[in-house]
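J.: One structure, pasted below without further comment.
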Amino acid sequence: MVNNEVSKMKKGLDKTVLLYGLLLVITCVLLFLPMGSGDFFGTDGDWFSQHVGIAETLKYAILENHSLLPQYLQLGGGSSIYDYAYYGLLRTDVLISCLIPEIETKYVIAGYAVFGVISSVELMFFWLRRKKVATWCAFGSSLMFACAACFYHAHYQIMFINYMPFLILALMGVDHIMKNGRSVWLIPALFMIYVHSFYYAIACLFVIGIYSLHSMIGKEKKDIKICMGKLVFAVGLSIAMAMVLLFPIGLDILSTSKDGGSFKEKTVQLVDFSMKGLLYSPYGCGMTLIILYCLLVSLRSKKKRFLSASILVCMVLPVISLVLNGLLYARAKILIPFTPLLVLLAADTLQDLWEKKEKHSILAFLLTLVPVIASTWKPLVIIDVAMLLLWILLQIREWNKKSIKAVLFGIGFFMPVLVSLSVNASASDLQPLTAKLGVLLNERYIKAADDRQEHFTKNEIENVVTDGRYRFDITANCFMNSNISMNKNMKRTSMYSSISNSEYSEFYYDTMANAILGNNRVALVPGNNPFFNYFMGVKYVMARKDNLPDSYDIKYEKNEHVLAQNDDVLPICYGTTAVMSEENYEKLSFPENLEALCNYTVVENQNVAEKRNAFSSHFETIDIENVIGEDGKQCLLNLGKKEEEITIPVKQQLCNQILILQFHVNRKDGKEVAITINGTKNKLSAKSAPYPNGNDTFIYMFESVEGFEQLEIMASKGNYQIENVNCYVLPREYVHHGDIIMPESLESGKAVHTANVYEGSITMEQSGYFVTSFPYRDGYRMMVDGKEVEPEIVNTTFIGCAMEPGTHQVQIYFEAPGYKLGLVVSLMAFTVFGIMCLYLELRLLWNRKN
């Protein structure tokens, strides 16, 4: 008898292990099968430029500063580490990459993303089995979970789904509280959600709250109060543990503006009949009609009614998405955390339908046709309707269960598999085929051999970029490299993050008139603007050889790319007595303001500014015909008739001068306009773009030592007109700040830095200003001769301070507001959690002994 029981247990264990193995294999097939030959598990765009780039920079910053949370990053002229919190500051994959720095970060990120999807699917199966769902149904439902289109973001926007394993663990943690009152499972799961994706934390807590209320149905009032108390305590303690992240992040977000893009201008619908948060789209849960059908059928069950009704309300009312998105917009991507609950409900309902505990519903089927009519995912949705109808009809007929079970299984999972493969294959060479199914996604897998972030090795760059008083920028594949900074000397002006210093962004595009070459103004990407590069101290650049400004000398060349140097730029920190009052500066118009910024320091202090504020611009306004002739002008004005590449000869050579070309783009059809002139691209994004850039004034700046021979223009086709063409020239010699006092310690290159931003000494012969090009924000502290001084805003956007005659020691520190308080709260919370775990373990041992 005992042997029979052991044999049954062993057989059951072997079967379970086999099912876990099958889930592993099938999940890997779903992830990797759509990829083409030579593809890498990561897509072009945000995955490469933001997730990989930021993780790479975080890795080097953590290792270099010997701190898990270095406060300051050398991106965007100098930024808070919390500006990049949207992508997960203490994500596990980032920390793993710190342990193995010799391995490229992209491999760690891709591997961890795959592991996250697999572990989510395996945990879903484990959870369903613990919920007493039949093995076959738990396995099938876990397969549907693996097919969810939201997992597309494992190789695109990873923070949309990288919290998923911990969300499932948190839901299991709720079960533990309901069963035995213990919250030790829930607390760390919640903490890991915050660490991986704070943006989705609120939605995850909302989902956990709905599931908790569902789990309390049928309990006594006394038990409900106890469970509620334990849940509130667990959530509160988990938030406190993450306060070192959450509190500074919150203050950082409040300190700047966030662009809601084109979504904020759209009227929020009362009802979303297409249910895009539930069906097909990776910017939602990405499920199929069988899930919706089960959701509707489950409304008839008293025990499931609250949960299914709650989910349906969230899926059809966009106002819920608006609230969960922090009132920024009503995008359905925020509903992705509902996916585990959808699968749980589906598993329970599928089992009830199979066991005849629940009847099929014609009304439920007819209601599934409502989103079908409103859906844009045709013909995929038509196939889905047909498969769902066939699946229902086969079950209504009285078939032999054993003979029909495999058929039903295959029909039920045909559509989820098709949707998953189609969505993921849309990023491969199969995109034309998937488009015929209605899958209209534009991202593409990068190639395994992609070297756009590897034009030069870290050592090759360090051999050229040796002077920490200046900055280094990358204009080659600038989007892909906008967030790369490998050490303290690689100080960048660029950054690409959803959170940024809004004053610096305005200075970058509105004041300095850098070209906008993307669909949004969020990405601050470097270019060949001579005024900006001079002002910001861009001494070193990595560029394509054919797109290198004449003012830069090549120091190292490799595969059509160069590392180059220009000694004629301002240092990042310096002293000066040449100042201009802000009042006088504001009277200047474009482009005179550029010359003023490169020759004077703009300050608020009127008394100091009056000592030297005389300014006369050397810009000359010339007719465009004098530069490119009448024929060239007509060619320029007639752009847009077709997509074309033209070359316009230049009449004036303009040796050792800077040429600025400015014109207005009058767009008629709302579509995007892109015009590239001599390697500089400007773009007006379509009105339908998620975050339209509003760039209807294109500005191009060119500098040349030997003069220009021609303008090479590439223009997109569209219904637009070129209007109000202006042309300005300035001799290069007037881009020069003649009154510069170099900090001595940095000039010698022997300074020992204890401050995390700047440390040095400076000798002023008369009163003036200590000036930096670090963007002003809360969190800076300036020390002069050991005494703290209040940082002032200089040059409209940057920090500086008045300086008296004499030699002074200067230190600049940065610490994100709220960091210390958050750290103290987190340490206290971790202590409480440790004591709680120790207490529970000791009590468990005591109970065992007694």
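J.: Given the conditions (1) without any contact (Cβ under 8 Å) to a residue 60 or more places away in the chain; (2) open to solvent by 10 Å² or more (accessible area, probe 1.4 Å); (3) closer than 17 Å to Phe48 by Cα; (4) hydroxyl-bearing (Ser, Thr, Tyr), and given that Thr105 satisfies all but one, which numbered condition is not satisfied?
T.: (2)
J.: Go through region 792-818 and give me each residue that's out of contact with any helix residue (DSSP H, G or I) (no Cβ under 7 Å at 6 or more places or on another chain), within 28 Å of Leu245 (Cβ to Cβ) and surrounded by 21 or more Cβ atoms within 10 Å (Cβ to Cβ).
T.: Here is the first cut: in region 792-818, the ones out of contact with any helix residue (DSSP H, G or I) (no Cβ under 7 Å at 6 or more places or on another chain) are 792-794, 798-801, 803-815.
Those still in the list that are within 28 Å of Leu245 (Cβ to Cβ) too: 798-799, 811-815.
Within region 792-818, Phe798, Ile799, Ile812, Phe814 qualify.
J.: Now for a different question. Only residues in region 76-89 that are within 19 Å of Ala113 (Cα to Cα) count as the first member; pair them with residues that are hydroxyl-bearing (Ser, Thr, Tyr) and open to solvent by 10 Å² or more (accessible area, probe 1.4 Å), Cβ under 7 angstrom, at least 6 apart or cross-chain, and list the lot.
T.: Matching pairs, first to second residue: Tyr86/Tyr199; Tyr86/Ser498.
J.: To continue, here is another question. Please go through region 556-607 and give me each residue that is touching a residue at least 24 places away in the same chain (Cβ under 8 Å) and on the phi > 0 side of the Ramachandran plot, ordered by number.
T.: Correct list: Asn559 only.
J.: Is it the case that region 66-89 has a residue that's assigned to a helix (DSSP H, G or I), open to solvent by 20 Å² or more (accessible area, probe 1.4 Å) and modelled with pLDDT under 90? Outline the logic, then answer.
T.: Filtering region 66-89 down to residues assigned to a helix (DSSP H, G or I) leaves 81-87.
Okay, now just the ones that are also open to solvent by 20 Å² or more (accessible area, probe 1.4 Å), so 86.
If we keep only those that are modelled with pLDDT under 90 as well, we get 86.
Scanning region 66-89, I find at least one residue that is assigned to a helix (DSSP H, G or I), open to solvent by 20 Å² or more (accessible area, probe 1.4 Å) and modelled with pLDDT under 90, so the answer is yes.
J.: Something else: Any idea which of (1) open to solvent by less than 30 Å² (accessible area, probe 1.4 Å); (2) at pLDDT below 95; (3) among the hydrophobic types (A, V, I, L, M, F, W, C); (4) in a helix (DSSP H, G or I) is the one Val133 doesn't satisfy?
T.: Val133 satisfies every listed condition except (4).
J.: Would you check if there is a residue in region 156-168 being surrounded by 24 or more Cβ atoms within 10 Å (Cβ to Cβ), touching a residue at least 12 places away in the same chain (Cβ under 8 Å) and over 24 Å from Asn424 (Cβ atoms)?
T.: no
J.: Another question, then. Residues of region 485-512 being among the β-branched types (Val, Ile, Thr), touching an Asp or Glu at 6+ places or on another chain (Cβ under 9 Å) and either surrounded by 24 or more Cβ atoms within 10 Å (Cβ to Cβ) or modelled with pLDDT of 90 or more (or both), which ones? If you could, list the steps in order and put the result at the bottom.
T.: Taking region 485-512 as the starting set, the residues that turn out to be among the β-branched types (Val, Ile, Thr) are 493, 499, 511.
Next, only the ones that are touching an Asp or Glu at 6+ places or on another chain (Cβ under 9 Å) stay: 493, 499.
Once the filter is applied, which keeps residues that are among the β-branched types (Val, Ile, Thr), touching an Asp or Glu at 6+ places or on another chain (Cβ under 9 Å) and either surrounded by 24 or more Cβ atoms within 10 Å (Cβ to Cβ) or modelled with pLDDT of 90 or more (or both), region 485-512 yields only Thr493.
J.: Follow-up question, since we're still on this one. What tally of residues in region 345-360 results from selecting those that are more than 23 Å from Asp272 (Cα to Cα) and either in a helix (DSSP H, G or I) or small (Gly, Ala, Ser) (or both)? I'd like the intermediate steps shown before the answer.
T.: Quick first cut of region 345-360, residues more than 23 Å from Asp272 (Cα to Cα) only: 347-360.
Then drop every residue that is not either in a helix (DSSP H, G or I) or small (Gly, Ala, Ser) (or both), which leaves 347-354.
Of the residues in that region, 8 qualify.
J.: Right, another one. Filter region 533-555 down to the residues that are under 25 Å from Ala513 (Cβ atoms) and among the acidic types (Asp, Glu), then identify the one that is surrounded by the fewest Cβ atoms within 10 Å (Cβ to Cβ). First the steps, then the outcome.
T.: So in region 533-555, the residues under 25 Å from Ala513 (Cβ atoms) come out as 533-544, 546-552.
If we keep only those that are among the acidic types (Asp, Glu) as well, we get 546, 550.
Details: Asp546: 8, Asp550: 15.
Only one residue fits best here, namely Asp546.
J.: Please go through region 556-569 and give me each residue that is in contact with a helix residue (DSSP H, G or I) (Cβ under 6 Å, 6 or more places away or on another chain) and open to solvent by less than 10 Å² (accessible area, probe 1.4 Å), ordered by number.
T.: Just the residues of region 556-569 that are in contact with a helix residue (DSSP H, G or I) (Cβ under 6 Å, 6 or more places away or on another chain), to begin with: 556, 560, 562-563, 569.
Of everything in region 556-569, those that are in contact with a helix residue (DSSP H, G or I) (Cβ under 6 Å, 6 or more places away or on another chain) and open to solvent by less than 10 Å² (accessible area, probe 1.4 Å) turn out to be Val562, Leu563.
J.: Might you let me know whether region 121-129 holds any residue that is under 20 Å from Leu24 (Cβ atoms), crowded, with 23+ Cβ neighbours inside 10 Å and in contact with a Cys (Cβ under 9 Å, 6 or more places away or on another chain)?
T.: Yes: one or more hits.
J.: Give the residue that is modelled with the highest pLDDT, with candidates limited to residues of region 256-268 that are over 12 Å from Arg331 (Cβ atoms) and open to solvent by 70 Å² or more (accessible area, probe 1.4 Å).
T.: We begin by selecting, within region 256-268, every residue over 12 Å from Arg331 (Cβ atoms); these are 256-259, 265, 267.
From what's left, open to solvent by 70 Å² or more (accessible area, probe 1.4 Å): 257-258, 265, 267.
Numbers: Ser257: 66, Lys258: 60, Glu265: 56, Thr267: 71.
Per the stated criteria, the residue is Thr267.
J.: Among all residue pairs at least 6 apart or on different chains, which show Cβ distances below 9 Å where the first residue, located in region 705-723, is without any contact (Cβ under 8 Å) to a residue 12 or more places away in the chain and over 30 Å from Cys655 (Cβ atoms) and the second is charged (D, E, K, R) and in a loop (DSSP other than H, G, I, E, B)?
T.: none
J.: Quick one: how many residues across region 282-309 are more than 30 Å from the chain's Cα centre (by Cα) and open to solvent by 10 Å² or more (accessible area, probe 1.4 Å)?
T.: Of the residues in that region, 10 qualify.
J.: Filter region 415-471 down to residues that are open to solvent by 70 Å² or more (accessible area, probe 1.4 Å) and among the basic types (Lys, Arg) and give me whichever is modelled with the lowest pLDDT.
T.: In the first step, residues of region 415-471 are kept if they are open to solvent by 70 Å² or more (accessible area, probe 1.4 Å); the result is 429-430, 432-433, 436, 440, 442, 444, 447, 449, 451, 454, 459, 463, 466.
This time we only want the ones that are among the basic types (Lys, Arg), so: 436, 444, 447.
Working: Lys436: 85, Arg444: 90, Lys447: 92.
Among residues in region 415-471 that are open to solvent by 70 Å² or more (accessible area, probe 1.4 Å) and among the basic types (Lys, Arg), the one modelled with the lowest pLDDT is Lys436.
J.: Does Tyr734 satisfy being closer than 30 Å to Glu64 by Cα and open to solvent by 50 Å² or more (accessible area, probe 1.4 Å)?
T.: Numbers: closer than 30 Å to Glu64 by Cα: no; open to solvent by 50 Å² or more (accessible area, probe 1.4 Å): yes.
No; evaluated as a whole, the condition is false for this residue.
J.: Here's a follow-up. Only helices (runs of 4 or more DSSP H) wholly contained in region 170-265 count here; list those with 2 or more residues that are in contact with a Pro (Cβ under 8 Å, 6 or more places away or on another chain) and within 21 Å of Ile311 (Cβ to Cβ). Give the derivation first.
T.: Working: elements: 186-196, 201-216, 221-241, 243-254.
Here the list reads 201-216.
J.: Right, next: List the residue pairs whose Cβ atoms are under 6 Å apart, where the first residue sits in region 821-849 and is in a helix (DSSP H, G or I), the second is small (Gly, Ala, Ser) and surrounded by 11 or more Cβ atoms within 10 Å (Cβ to Cβ), and the two are 6 or more positions apart or on different chains.
T.: Partner pairs satisfying both residue conditions: Val825/Ala240; Ala829/Ala240.
J.: I need the full set of residues from region 310-328 which are open to solvent by less than 10 Å² (accessible area, probe 1.4 Å) and either aliphatic (A, V, I, L, M) or not in a helix (DSSP H, G or I) (or both), in order please. If you could, list the steps in order and put the result at the bottom.
T.: Looking only at region 310-328, we keep the residues that are open to solvent by less than 10 Å² (accessible area, probe 1.4 Å), and these are 311, 314-315, 321, 325.
Ile311, Met315, Asn325 - these are the residues of region 310-328 that are open to solvent by less than 10 Å² (accessible area, probe 1.4 Å) and either aliphatic (A, V, I, L, M) or not in a helix (DSSP H, G or I) (or both).
J.: Tell me, which residue of region 29-46 that is open to solvent by 40 Å² or more (accessible area, probe 1.4 Å) and not in a loop (DSSP other than H, G, I, E, B) is farthest from Asn442 (Cα to Cα)?
T.: In this case the residue turns out to be Val29.
J.: Let me ask something else about it. When the residues of region 651-660 are filtered to those that are open to solvent by 40 Å² or more (accessible area, probe 1.4 Å) and modelled with pLDDT of 85 or more, which remaining residue is nearest to Phe708 (Cα to Cα)?
T.: Here is the first cut: in region 651-660, the residues open to solvent by 40 Å² or more (accessible area, probe 1.4 Å) are 651-653, 655-657.
If we keep only those that are modelled with pLDDT of 85 or more as well, we get 655-657.
Numbers: Cys655: 7, Asn656: 10, Gln657: 10 Å.
Filtering first and then ranking leaves Cys655.
J.: Looking at region 325-374, which of the residues that are polar (S, T, N, Q) and over 30 Å from Ser119 (Cβ atoms) is nearest to the chain's Cα centre (by Cα)? Let's see the steps before the verdict.
T.: Within region 325-374, the subset polar (S, T, N, Q) is 325, 339, 349, 351, 361, 368.
Filter once more, keeping what is over 30 Å from Ser119 (Cβ atoms): 361, 368.
Details: Ser361: 43, Thr368: 34 Å.
Filtering region 325-374 for residues that are polar (S, T, N, Q) and over 30 Å from Ser119 (Cβ atoms), the one nearest to the chain's Cα centre (by Cα) comes out as Thr368.
J.: Residue pairs, Cβ under 7 Å, 6 or more apart or interchain, first in region 512-535 and closer than 17 Å to Gly78 by Cβ, second assigned to a helix (DSSP H, G or I) and small (Gly, Ala, Ser). List them.
T.: That search, which allows pairs on different chains as well, returns Leu524/Ser505.
J.: Let me confirm something: among Ile675, Ile648, Ile699, Ile713, which residue is touching a helix residue (DSSP H, G or I) at 6+ places or on another chain (Cβ under 6 Å), among the hydrophobic types (A, V, I, L, M, F, W, C) and open to solvent by less than 70 Å² (accessible area, probe 1.4 Å)? Working first, answer last.
T.: Working: Ile675 fails: touching a helix residue (DSSP H, G or I) at 6+ places or on another chain (Cβ under 6 Å); Ile699 fails: touching a helix residue (DSSP H, G or I) at 6+ places or on another chain (Cβ under 6 Å); Ile713 fails: touching a helix residue (DSSP H, G or I) at 6+ places or on another chain (Cβ under 6 Å).
From the options Ile675, Ile648, Ile699, Ile713, the qualifying one is Ile648.
The values are calculated or read from the model by the stated rules, or taken from the named source; none is laboratory data. Predicted, not measured: the structure shown is a model, and the values here were computed from it. In this analysis, Cβ positions are derived from the backbone assuming ideal geometry, glycine residues included, and neighbour counts consider all displayed protein chains. Heavy atoms of the whole protein, side chains included, go into the accessibility calculation; ligands, DNA and RNA do not. Shrake-Rupley method; radii C 1.70, N 1.55, O 1.52, S 1.80 Å.
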